[in-house]
Amino acid sequence: LMLGADLRQALIRDEFHLVFQPSVELRTGRIVAVEALIRWRHPERGELMPDEFVPLAESLGLIRRLDAWTMRAVCNQIRLWDQAKLPPIRVALNASAATFGHPGFLDSVKQALQASGISPKRLLFEITESAILRLGEATEQTMHALHALGIGVAIDDFGTGYSSLAYLKLSGIDYLKIDRSFVTDLPESANDVAIVEAMLAIAKSLGMCTIAEGIENAAQHEFLLRAGCAEGQGYYYSRGLPPQELERMLSPNPRHE
Ligand code: G
Ligand code: G
Ligand code: MN
Ligand code: NA
């Protein structure tokens, strides 16, 4: 496939960049975190979204290199924001199963932390349910080790995997990200209301923090706030932003002084 050959070239030519989607504390509206999302600036096709090349990278065995690029870029960005004295927000990044499950993963994380000098508390790894299921026992050790390093671990797209709830017993899960498919029809859908309330109750009793994805309007925001969800992400607050735009949002705004 053409795009596959381009992807190998892109890793060499460094054609990727990150956008950062804010995660907002629902109670205060404050930006407390961002999720780093990879983009590919293809020389002919223009800006490509991850669903157009992440599955391809996975099938071509290139995803570990891509995720390593993301990790380095995230650590560098955090270091630059620290130097610019921006608020020390958390930065979430996505890791595919092949990345998370690789025996060299923890060492590469430690190396990236050491090279950048950033605090592990600033990082949060997002991993999908299906990845956890696929990886089995090694996952628990990896999640536990990340947690022990001070790095956060989130279950991404929660509720969409074909799994049981058994993996919730694994230690080291700090956040549940409620998939946007459950958020879209809030608060009108009685089923989604029931499901989301149950998810929030499980998270609460397991001591996990909650982030709802795909919030697009005030009614969804209000419902989730009242239901006790801690954080939200979605176009209602912001799309993924280039670093300079995010910096403007995080810097004190002189017009309000
Ligand atoms: O950018 P967009 O909002 O379209 O992201 C879609 C999905 O692509 C994300 O939910 C995430 O699962 C995946 N994704 C984004 N960036 C990365 C990355 O750096 N590595 C991996 N493995 N997946 C990513
Ligand atoms: O990690 P994950 O696969 O969940 O990445 C988030 C994806 O959801 C990205 O592709 C992002 O562009 C998209 N997204 C983020 N906020 C919204 C939203 O409010 N509505 C919709 N439809 N998509 C969103
Ligand atoms: Mn994610
Ligand atoms: Na998600």
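The values are calculated or read from the model by the stated rules, or taken from the named source; none is laboratory data. Computed from a prediction, not measured in an experiment: that's the story for all the values here. Ideal geometry is used to build each Cβ from the backbone, glycine not excepted, and the neighbour counts take in all protein chains shown. These area figures cover heavy atoms from the full protein model, side chains too; ligands, DNA and RNA do not enter into them. Shrake-Rupley method; radii C 1.70, N 1.55, O 1.52, S 1.80 Å.
How much accessible surface area, in Å² rounded to 10, belongs to the heavy atoms of Thr28 with a 1.4 Å probe?
Result for Thr28: roughly 70 Å² accessible.
Which distance in Å, rounded to a whole number, links the C-alpha centroids of the range 35-94 and the range 183-257?
When both Cα centres are located, 22 Å separates them.
What is the ratio of the Cα radius of gyration of the range 1-77 to 2.2 N^0.38 Å, with N the residue count, to two decimals?
1.26
Of Asn94, Asn191, Asn76, which is the most mobile in a GNM of the chain whose springs link Cα atoms less than 10 angstrom apart?
Highest fluctuation among the options: Asn191.
Given the range 28-183, report the % of alpha carbon pairs whose separation exceeds 20 Å.
51
Please list His102, His221 from largest to smallest accessible area, probe radius 1.4 Å, with all protein chains kept in place.
His102, His221
From the Cα gyration tensor of the range 100-257, with a ≥ b ≥ c the square roots of its eigenvalues, which class applies: rounded if a/c is under 1.5, or else prolate if a/b is larger than b/c, or else oblate?
Judged from the Cα gyration tensor, the range 100-257 comes out oblate (a/c at least 1.5, b/c at or above a/b).
How large is the dipole of the chain about the Cα centre if only Lys and Arg carry +1 and Asp and Glu carry -1, each at its Cβ, rounded to the nearest 20 debye?
It comes to approximately 880 debye.
With an 8 Å cut-off on Cα pairs and a minimum separation of 6 or more residues, tell me the relative contact order of the range 116-213 in percent.
26
Which value, in Å to one decimal place, does the Kirkwood hydrodynamic radius take for the range 174-257 when every pair of different Cα atoms is included?
That comes to 13.9 Å for the range 174-257.
What does the convex hull of the Cα atoms come to per residue for the range 120-184, in Å³?
Looking at the range 120-184, the number lands at 73 Å³ per residue.
In a shell of Cβ-Cβ distance under 9 Å around Asp157, excluding Asp157 itself, what net charge do Lys and Arg (+1) and Asp and Glu (-1) give?
-3
Determine the alpha carbon to alpha carbon distance for each of Lys85/Lys177; Lys177/Lys204; Lys121/Lys177 and list only those over 22 Å.
Where the Cα-Cα span goes over 22 Å, the pairs concerned are Lys85/Lys177.
For the range 35-100, just run the numbers: alpha carbon Rg, then divide by 2.2 N^0.38 Å, N being how many residues it has.
1.25
Peptides 53-65, 2-14: what's the order by average Cβ count within 10 Å, highest mean first?
Result, highest mean first: 53-65, 2-14.
Place +1 on the Cβ of every Lys and Arg and -1 on the Cβ of every Asp and Glu in the chain, take the dipole about the Cα centre, and give the residue among Ala212, Met249, Ser130 whose Cα lies farthest towards its positive end.
So the residue furthest toward the plus end is Met249.
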